[in-house]
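S.K.: Right, I'll just put the structure down here and ask away after.
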Amino acid sequence: MRPSLFFLLVAGLVLTARAQHALVLQSDFGTKDGAVAAMRGIAFGVSPGLTILDLSHENTPYDIWEAAYRLKQAAEFWPAGTVFVSVVDPGVGTERASIVLRTKSGHYFVGPDNGTWTLVAEELGVAAVRRIDEQVNRRPGSEKSYTFHGRDIYAFVGARLASGVISYEQVGPLLEPKVVSLPYERASAAGGVLKGTIPQIDFHYGNVWTNIPDGFFNELKPAYGDKFTVVVFHDGKETYRGVIPYVRTFGDVKQGEPLLYLNSLLNVSFALNRGSFSAKHGLASGGDWTVRIERAK
C-alpha cells in the first residue's frame with residue numbers, strides 16, 4: 001500500500017471515530033433556496049464523517065417561540081452529546097449573544113440567545129452557558145458577513161463541537177448559567193382548575209396542544225367519557241368556550257366532533273376528529289394564548 005494512501009485511510013478512521021455525535025439543524029429558512037445546503041456544506045467541510053440531520057426548516061419566519069417548542073418536542077429523544085443548531089434569528093447581526101448551552105441531560109444547543117432555549121433549558125436543565133468566541137470559532141473569511149450567522153458561526157461551531165474538533169471549553173468564555181426566557185403561563189393545577197399555555201398547534205391537522213401534563217390532569221380523576229369545560233384566552237380575552245369529552249383517541253368520537261385527549265407528549269390537547277379545531281375556532285399558539293380546563297358542571 002502506498003504511504004500516501006495509508007495515511008489517508010488512517011486520517012479517515014480517526015475522523016470517523018471522532019465524529020461520535022449527531023448535528024441536528026433547525027431554521028426558518030425553508031428549503032427552496034441554498035441556505036440550508038450552505039449550512040450543511042460548512043458542516044460537511046468540518047468533518048465529512050459527521051452525521052447531519054434536520055429537525056425542521058419550515059418554521060414560521062421570525063417565530064422564536066415556535067422554534068423553542070420544536071426543540072422541546074424533539075430534543076429529549078436524542079442521545080446525550082447531540083448538538084442542535086437552531087437559527088430563527090430576527091435579530092441577526094445585533095448585540096444578542098451567540099452561545100452554546102449545555103444542558104444537564106448532556107445535549108448542546110448552538111445559536112442566538114434570543115429566547116430559543118426557553119423550554120429546553122427548563123425541561124433539560126442548564127449545566128453551563130458559553131459565549132461563542134467569534135475570533136476563533138467562525139468560518140474563515142466570513143468576517144465581513146453580518147446576516148448569515150447560521151452558516152458562518154452556528155453551523156461551523158456546531159459541526160466542530162459535534163465532531164470533536166473542539167471541546168466545549170474551547171467554544172468561548174463561560175457566562176452565567178442562564179438563558180433569555182420568553183414569557184408564558186406555566187402549567188398549574190389548583191382547586192380543580194387546570195391552567196396553562198397553548199405552546200403549539202399541530203399544524204397539519206389543527207389540533208390544539210397545551211403545556212398541561214398528564215400528572216396535573218390526573219388530579220381531576222378523569223375517566224373516558226367525562227366532559228370538561230375548556231376556555232381559551234388570547235391576551236387575556238376569552239376567544240373560545242366549550243364542553244368537550246375526554247377520550248382515548250380520535251376515532252372515539254364521530255367525525256367532526258370535538259375531543260379532549262393526551263397527545264404524544266402526554267399533554268392535554270383538544271381536536272376535531274378529521275377536522276381542524278384551530279381553524280374552526282380561530283385559535284393560534286404562543287405565550288399570549290392561554291387555556292383553562294375544569295370538569296363540566
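S.K.: Determine, for the chain, the count of lysine pairs separated by eight or more sequence positions (or lying on different chains) whose alpha-carbon distance falls under 29 Å.
M.R.: 29
S.K.: Calculate for the chain the 222 nm mean residue ellipticity that helices alone would give, adding -39,500 (n - 2.57) per DSSP H run of length 4 or more and normalising by residue count, nearest 500 deg cm²/dmol.
M.R.: Details: 7 runs with 66 residues, N = 297.
The helix contribution divided over the chain gives -6500 deg cm²/dmol.
S.K.: Here's another thing I want to ask about it. Under the 0.36 nm per residue contour assumption, what length would be gained going from the current alpha-carbon distance of residue 254 and residue 167 to full extension?
M.R.: Contour length minus Cα-Cα distance gives 25.8 nm.
S.K.: Taking Cα centroids, how far is region 93-116 from region 177-198 in Å?
M.R.: 22 Å
S.K.: If you don't mind, there's one more thing I want to ask. Can you give me the distance in nm between label points at residue 74 and residue 145, each placed 7 Å from the Cα along the Cα-to-Cβ direction?
M.R.: 2.2 nm
S.K.: Hey, another quick one. What nm distance separates the two modelled labels at residue 294 and residue 92, each placed 7 Å from Cα along Cα→Cβ?
M.R.: It is 4.8 nm.
S.K.: Taking Cα atoms, how many degrees apart are the long axis of helix 35-46 and the longest axis of the chain, rounded to 10 and kept between 0 and 90?
M.R.: 50 degrees
S.K.: Next question. Give, rounded to the nearest 20 debye, the magnitude of the charge dipole that the chain has about its Cα centre when Lys and Arg contribute +1 at Cβ and Asp and Glu contribute -1 at Cβ.
M.R.: Here the size comes out at about 420 debye.
S.K.: Net charge within 11 Å of residue 251 by Cβ-Cβ distance, Lys/Arg positive one each and Asp/Glu negative one each, not counting residue 251 itself?
M.R.: Local net charge: +1.
S.K.: Say the dipole of the chain comes from +1 at the beta carbon of Lys and Arg and -1 at that of Asp and Glu; which of 211, 64, 182 then lies farthest toward its positive end?
M.R.: About the Cα centre, the residue reaching furthest to the positive side is 211.
S.K.: Please compute the length gained on full extension between residue 266 and residue 280, using 0.36 nm multiplied by the number of residues separating them and subtracting their Cα-Cα distance.
M.R.: Extra length from residue 266 to residue 280 when fully extended: 2.6 nm.
S.K.: Okay, next question. Tally Lys and Arg at +1 and Asp and Glu at -1 over the other residues with C-beta under 13 Å from the C-beta of residue 183: what net charge comes out?
M.R.: On the way: positive: 186; negative: 122, 185, 235, 288.
Once all neighbours under 13 Å are counted, the net charge is -3.
S.K.: Using only the Cα atoms of the chain, each taken as one equal point scatterer with no solvent, compute I(q) by the Debye sum, divide by I(0), and report log10 of the ratio at q = 0.09, 0.12, 0.13 Å⁻¹.
M.R.: Summing over Cα pairs of the chain leads to -0.52, -0.82, -0.91.
S.K.: Give, rounded to the nearest 20 debye, the magnitude of the charge dipole that region 207-297 has about its Cα centre when Lys and Arg contribute +1 at Cβ and Asp and Glu contribute -1 at Cβ.
M.R.: 280 debye
S.K.: If each of residue 133 and residue 241 carries a label point 7 Å out from its Cα toward its Cβ, how far apart are those two points in nm?
M.R.: 6.0 nm
S.K.: On a 0 to 90 degree scale, rounded to 10, what angle separates helix 3-18 from the longest Cα axis of the chain?
M.R.: The angle comes out near 30 degrees.
S.K.: Follow-up question, since we're still on this one. For region 129-165, which chymotrypsin sites (Phe, Trp or Tyr not before Pro) pass both filters: DSSP loop (anything but H, G, I, E, B) and at most 12 other C-beta atoms within 10 Å? Provide the component values of the computation, followed by the final result.
M.R.: Numbers: sites: 146, 148, 154, 156; in loops: 146, 148.
Counting only loop positions with at most 12 other Cβ atoms within 10 Å, the chymotrypsin sites (Phe, Trp or Tyr not before Pro) in region 129-165 are 146.
S.K.: Tilt of helix 64-75 relative to the longest C-alpha principal axis of the chain, in degrees (0 to 90, nearest 10)?
M.R.: 80 degrees
S.K.: With a cap of 15 neighbouring Cβ atoms within 10 Å, and only residues DSSP puts in a loop, list the chymotrypsin sites (Phe, Trp or Tyr not before Pro) found in region 22-66.
M.R.: Qualifying residues, ordered by number: 62.
Each value in this text was obtained by applying a stated rule to the coordinates, not by laboratory testing. This structure is a prediction, so every number in the text was calculated from the model and none was measured. Backbone-built Cβ (ideal geometry, glycine too); neighbour counts: all protein chains shown.
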